[in-house]
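Here is the structure we will look at, set down as structure tokens.
The values are calculated or read from the model by the stated rules, or taken from the named source; none is laboratory data. Remember, it's a predicted structure, so these values are computed and weren't measured experimentally. Every residue, glycine as well, gets a Cβ built from its backbone with ideal geometry; the counts of neighbours run over all protein chains shown. Surface areas here come from the heavy atoms of the whole protein model, side chains and all, with no ligands, DNA or RNA. Shrake-Rupley method; radii C 1.70, N 1.55, O 1.52, S 1.80 Å.
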Amino acid sequence: MSEPKPPTPTPGDTYKGWLFKWTNYIKGYQRRWFVLSNGLLSYYRTQAEMGHTCRGTINLATANIAVEDSCNFVISNGGAQTYHLKASSEVERQRWITALELAKAKAVHMQAESDDSGDDCPTTVPTSGQGGGCRNAEVQSTLRTLNSKVEDLSTCNDLIAKHGSALQRSLSELEGISLGADTGEKIRQVTERATLFRITSNAMINACRDFLALAQGHSKRWQKALQAERDQRVRLEETLEQLAKQHNHLERAFRGATVLPPSLSNPTIDNKGSGGSGKGDASDEDDENEFFDAMEDPAEFITVPADPKYHRRSGSNVSGISSELGMDDQSFDEQSLASNPESPQPLEVEPVRKRRTRVPDKPNYSLNLWSIMKNCIGKELSKIPMPVNFNEPISMLQRLSEDLEYYELLDKAAKCQNSLEQLCYVAAFTVSSYSTTVHRTGKPFNPLLGETFELDRLRESGYRSLCEQVSHHPPAAAHHAISEKGWTLRQEIALASKFRGKYLSIMPLGSIQCIFEKSNNHYSWKKVTTTVHNIIVGKLWIDQSGEIDVVNHRTGDRCHLKFAPYSYFSRDVARKVTGVVTDKDGKAHYVLSGTWDEKIEFSRVMQSSKGENGAEGKQRTVYQTLKAKEIWRKNPLPEGAETMYYFSSLALTLNEPEEGVAPTDSRRRPDQRLMEAGRWDEANAEKQRLEEKQRIARREREREANRASNPPEEGTHQDNYQALWFKKIDDPISGETLHVYSGGYWEAKDQGSWDMCPDIF
């Protein structure tokens, strides 16, 4: 049974009805309940949702209404919102178009009136909340009066039109009749209707006169009030400027009269100018007094510029950090981050060998994605036979080694005398490892059991790195890197991944540890979840989301990092990261902010307090911080990276052939080498051969393990594989079980003795 069609609405009516709304290419048009009221078009899935769940609303005052064909029309407000709608018939579509146009005209008119009265105010400024309420009541009363006058004018206009039409008909009838008995009756009707028309016209004129007088009277009052507000704002600006100048003058005078003890003086400042002259101090003061804007409010905390008194306080420990940091933030900002003479200068070191700067361009091969993925929903990613079309020509071991692209952060951290300062660098290093993933939608090759990868940059950058695949089910890789600058990085990562139909979730398991030799500080942290979106339809894109706690197990210091997931409705920048560095007592000392694909900045916390409640009712902490300083920035991608799998400069060199590496090294993997050369069909065949060879070797190890257990347990499958270069231990510091480097690899390389390596390729 067809639904009753509502009548065409008049201005001010609420118009409701069913329309079909375009959702996406999979679901197409879906039936939705639309409600037009007060210039707003809202929609719901059902009529029952009207009381609690609105699916979307568009303001018609700024919207454009366009008709596409007999039943379809489009409503858009300039790109942010666009509704593609379809009515059940052309008549129904016309009813909606008429209602929308009338509602839009009224909304535009109301918005214009609101804009005209938006800045209006009384001549006297109230000094209390009661005065503000009286002013609002007066404005509302005036608006109600003007609105009633407008309604009177509208009523008079309708009556004039009605009586004018009747008078016109009477005059037309007079022209067509002959003089006779009914002439007197007709003349009497005309006279009566003319009298009504005159009365109505006079009422219209009087109403117009009243409205005009009232509008002019209030217009003058509002103009005076607006001018008074403008004058008051100018006076406030002048007063504020004078106070700022006085404050600056008093601060200069105070600093000029204060003599700092030699133990607290900053050598960076003392060396500026000639003997620390007054000009040099003034220049430093101007630099430090530069404030910064507050960040967008995260869920847990907000930051605001600190009071100027914190920017240079001698002899006081305002931030809770030991005096090793010096008298102010320049000991961190300038010495540690910028001009530390002991900091490594990698750009000045001549490389031992010239590394390659390009790989062959990625071929443009077509692939029926759905035919492969439809049978993989819900399965473990490592158990899905994937063609190399989804890969990039490096292995997961090489991808882990890419974490060392910003090794300079750990070099600087090793120089730090203060653990909280060191923790800032370690946290920045943690974030930097995700910067290479922003455009890297290709899947690294799953390493074969026993596969290794070495990254020897000892003479170039001062560190050596070794990875080994220590388990196949579940797949797990161990990584060990050691630097001449006094730090050791080790990690064991196992990947758990699920294909969800529309997106792919990759959950890294395991932990990363960093140990500094000089301070004996032992840090550990875990990785966040990586999500690959638009697997089936649309352009692939990657997001990182979750929380990380970087913990110093020796001191109890901690940095809590939050990777905000992307949200279409969020006002924050995409890929946002925030963090707070706290000591063992929970006192905040530094705030970190930025994005994981561009840069990270830090700010020293001078004071913290509890602020207003957030959207979820949780009380947010307000941190007063000094000016933000940049601690890490992403290196630009090499030219033409979009055709080379978006590899970074380091990634381009990872699969470059090198002499003397182990026979199990990823550089020697044939399917990976064929893919890099663009021979994908051969690479797919070679990949299947290697995987089958690995399965045969695993079954053989299981048979040997079952024979060794006397008698073997029924239904069990044991694999007695032992990693070659790593051993599993229980770490007494972090309390975690992981594989650590057992030694011998670099000695075997120096001797060229690889007899112990298995034949996996």
Open item on the list: From the protein chains alone at 1.4 Å, what is the descending order of accessible area for Cys71, Cys208, largest first?
Closed with: Cys208, Cys71
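Could you provide, to the nearest whole Å², the per residue accessible area of the stretch 652-761 with probe 1.4 Å?
57
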Open item on the list: If I ignore ligands, DNA and RNA and count only protein heavy atoms, how much of Arg558 is accessible to a 1.4 Å probe, in Å² to the nearest 10?
Closed with: 100
Open item on the list: For a Förster distance of 35 Å, can you work out the FRET efficiency between the beta-carbons of Lys498 and Lys16, rounded to the nearest 0.05?
Closed with: 0.25
- [ ] Multiply the residue separation of Asn77 and Tyr29 by 0.36 nm, subtract the distance between their alpha-carbon atoms, and state the gained length in nm to one decimal.
- [x] 15.3 nm
Task: Sequence ranges 223-236, 81-94, ranked by mean other-Cβ count within 10 angstrom, highest first - done: 81-94, 223-236
Open item on the list: Highest mean first, how do 566-579, 508-521 rank when packing is the count of other Cβ atoms within 10 Å averaged over residues?
Closed with: 508-521, 566-579
Open item on the list: Please list, in order along the stretch 407-412, the HN-Hα scalar couplings obtained from phi with the Karplus expression 6.51 cos²θ - 1.76 cosθ + 1.60 (θ = phi - 60°), rounded to whole Hz, x for Gly and Pro.
Closed with: 4, 4, 5, 6, 4, 5
- [ ] Pull out the extension gain between Glu659 and Ser609, defined as 0.36 nm times the separation in residues minus the alpha carbon to alpha carbon distance; nm, one decimal.
- [x] 12.1 nm
- [ ] Enumerate the amide H contacts of Ile394 below 5 Å, restricted to partners 5 or more residues apart or on another chain; note that Pro and chain-start residues carry no placed amide H.
- [x] Phe445
Task: Lys354-Trp754 pseudo-label distance in nm [points 7 Å out on the Cα-to-Cβ vector] - done: 2.6
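Taking 0.36 nm per intervening residue step and subtracting the Cα-Cα distance, what contour gain separates Thr46 from Glu547 on full extension?
176.6 nm is the gain from fully extending Thr46 to Glu547.
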Open item on the list: Going 7 Å from the Cα of Arg689 along its beta-carbon direction, which residues of the stretch 733-761 have the amide nitrogen within less than 17 Å of the resulting point?
Closed with: 759-761
- [ ] Holding the Cα-Cα limit at 28 Å, pick out from Lys576/Lys728; Lys727/Lys749; Lys412/Lys728 the pairs that are longer than that.
- [x] Lys576/Lys728; Lys412/Lys728
TODO: Please give, to one decimal in nm, the separation of the simple spin-label points placed at Asn64 and Lys539, each 7 Å out from Cα toward the Cβ.
DONE: 2.2
Task: Three-way shape call for the stretch 443-487 based on the alpha-carbon gyration tensor, with the a/c threshold at 1.5 - done: prolate
- [ ] At 1.4 Å probe size, with every protein chain present, just tell me what the per residue accessible area of the stretch 382-530 comes to in Å².
- [x] 29
- [ ] First compute the accessible area of the stretch 451-608 with a 1.4 Å probe, then give the percent of it belonging to carbon and sulfur atoms.
- [x] 50
TODO: Would you please put 448-461, 676-689, 731-744 in order of how densely packed they are, using the mean number of other Cβ atoms within 10 angstrom per residue and starting with the highest?
DONE: 448-461, 676-689, 731-744
TODO: Just add up the charged neighbours of Val551: K/R +1, D/E -1, any other residue whose Cβ is under 14 Å from the Cβ of Val551.
DONE: -2
Open item on the list: Can you tell me which lysines have their Cα less than 28 Å from the Cα of Lys16? Leave out same-chain residues fewer than eight positions away.
Closed with: Lys5, Lys27, Lys86, Lys104, Lys106
